[in-house]
1. Does ALA278 satisfy being free of Cβ contacts under 8 Å to residues at least 60 places away in the same chain and either within 16 Å of the chain's Cα centre (by Cα) or on the phi > 0 side of the Ramachandran plot (or both)?
2. Taking segment 197-214 as the search range and keeping residues that are surrounded by 13 or more Cβ atoms within 10 Å (Cβ to Cβ) and farther than 20 Å from HIS129 by Cα, which one is farthest from the chain's Cα centre (by Cα)?
3. Report yes if ASP105 is of a type in the set (D, E, K, R) and in contact (Cβ under 8 Å) with a residue 40 or more places away in the chain, otherwise no.
4. Given the criteria among the hydrophobic types (A, V, I, L, M, F, W, C) and under 15 Å from the mean Cα position of the chain (by Cα), does PHE250 qualify?
5. Kindly list, by first and then second residue, each pair from a residue in segment 242-264 that is among the hydroxyl-bearing types (Ser, Thr, Tyr) and buried (at least 20 other Cβ atoms within 10 Å of the Cβ) to a residue that is modelled with pLDDT under 95 and part of a loop (DSSP other than H, G, I, E, B), limited to pairs with Cβ atoms under 8 Å and residues at least 6 apart or on different chains.
6. When segment 24-71 is examined, which residues are found to be touching a residue at least 60 places away in the same chain (Cβ under 8 Å) and either of a type in the set (Lys, Arg) or at positive phi (or both)?
7. Which of the following residues is within 22 Å of SER66 (Cβ to Cβ), crowded, with 19+ Cβ neighbours inside 10 Å, touching a residue at least 24 places away in the same chain (Cβ under 8 Å) and touching a Phe, Trp or Tyr at 6+ places or on another chain (Cβ under 8 Å): LEU351, LEU291, LEU273?
8. Considering only segment 129-140, how many residues are surrounded by fewer than 24 Cβ atoms within 10 Å (Cβ to Cβ) and closer than 14 Å to ASN28 by Cβ?
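The values are calculated or read from the model by the stated rules, or taken from the named source; none is laboratory data. Note that the structure is a prediction, hence the values are computed from the model and not measured. Please note: Cβ atoms are built from the backbone with ideal geometry, for glycine as well, and neighbour counts cover all protein chains shown.
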Amino acid sequence: MPLNLRRDPEKRAYSIMAESFTLVTALNVLLDFGEEPVNLGRLARRDGKIYFEYDAGFISRKLEISPFKLPLNPGLQVFEPNLFEGLPGVFNDSLPDGWGRLLLDRALRSKGMSESALSPLDRLAHVGHTGMGALIYEPDYSENKVKGTIDLDRLAVQSQKILEGESSEVLDALVALNGSSAGARPKALIGVSKDKSKLVQGVHDLSKGYEPWLVKFSNSQDGPDAGAIEYVYSLMAREAGLDIMATHLFSACKGSGYFATRRFDRTDDGGRLHMHTACGLLHSDFRVPSLDYQDLIKATMVLTRDVREAQKMYRLSVFNVLSHNRDDHAKNFTFLMDQSGTWRMAPAYDLTFSNGPGGEQSTMAAGEGRTPGIEHLLELAKTAEISETDARHIIDRTVIALRQWKDLAKVHGVSKANIKRIGDVIEESAS
């Protein structure tokens, strides 16, 4: 019997927050830029494989949501199950990993269920309408159990309990606040008043006067000044000329504070932008480093058709290499598409001092991963069509910005030990 992707959505089942749930075998995928969602297509799972078919009406719109790996063609498309559990990369981008996946799995176990029971389609159903970017999924099993104001200190304590394997009375709230944010560190999507004095849940539509932000908490490997370190890095990145969203360091009862940044997937008027990571765009497993910044610069050029966007990627490569941000894997580069189909690089994010796999740069610079330096950055500039003179100007500006590390770190509460440790490494990298 042929696979039919045009059935109506299955009868709504309970989410994992309820006492039971029904596994889904098909999902409608829609694209929501903040007005009327449009039907994009349908996902279905059969015999261990996941199939996708674009809606004919969407094909006529000529909006390429994933031009490299999910071309805008009629008919069924299927992918190998070894990567992204069989999902096309663009839909895998909607799924939380690290902290978000841990929360969902912990919620399952609290109901006496096994996380192995969930397929990627079930997980997408629990993202529903609450994910990052503009993709939404139906049936929608997401829930909003968070009302009123947010207490960051309480969420930080409860997040730590989850990481340590303890049960938490706010597990449902943590799941609801995570949306589909990725990464290993605990995060919450919040709404922030313009004067930064009031915080509310930020997964769903926000009241007037609130902006969409994302706040991070420390994981079990972080020190109490992890938020301050990332905040100082955001200040230096801005001085280096990188495109970066507004950032803030919220005060904390313990430690130097909570790092927060305004979300780049939401517009000032409440609209949404389509997001696609380099991981999903190129079908590159971020857990197995294989990319070079040359690949990212070329992909940016092809996707955006704008050399200026490719040059933004070059600036980011310079900052990551010289600041010793070695966790620069494929999920830490994102592209945004608006409703006209125009692509651009997302503002830089996840910028902090870090060691990559085996101490190497996760993304190589002109073939060098262990000890990339200025000579490799000058070689990269050729790929981005940047002259050596302009490349040296970008490098010099970045070095000057990084020299502010010690002064900024003292002001914002970084420990003396980390000020010296990170300062010494930056000085060596930028020499």
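1. Yes, satisfied.
2. The extreme case among them is LYS198.
3. no
4. no
5. SER256/PRO224; TYR258/PHE217
6. Correct list: GLY34, ARG45, LYS62, LYS69.
7. Answer to the selection: LEU273.
8. Within segment 129-140, residues that are surrounded by fewer than 24 Cβ atoms within 10 Å (Cβ to Cβ) and closer than 14 Å to ASN28 by Cβ number 5.
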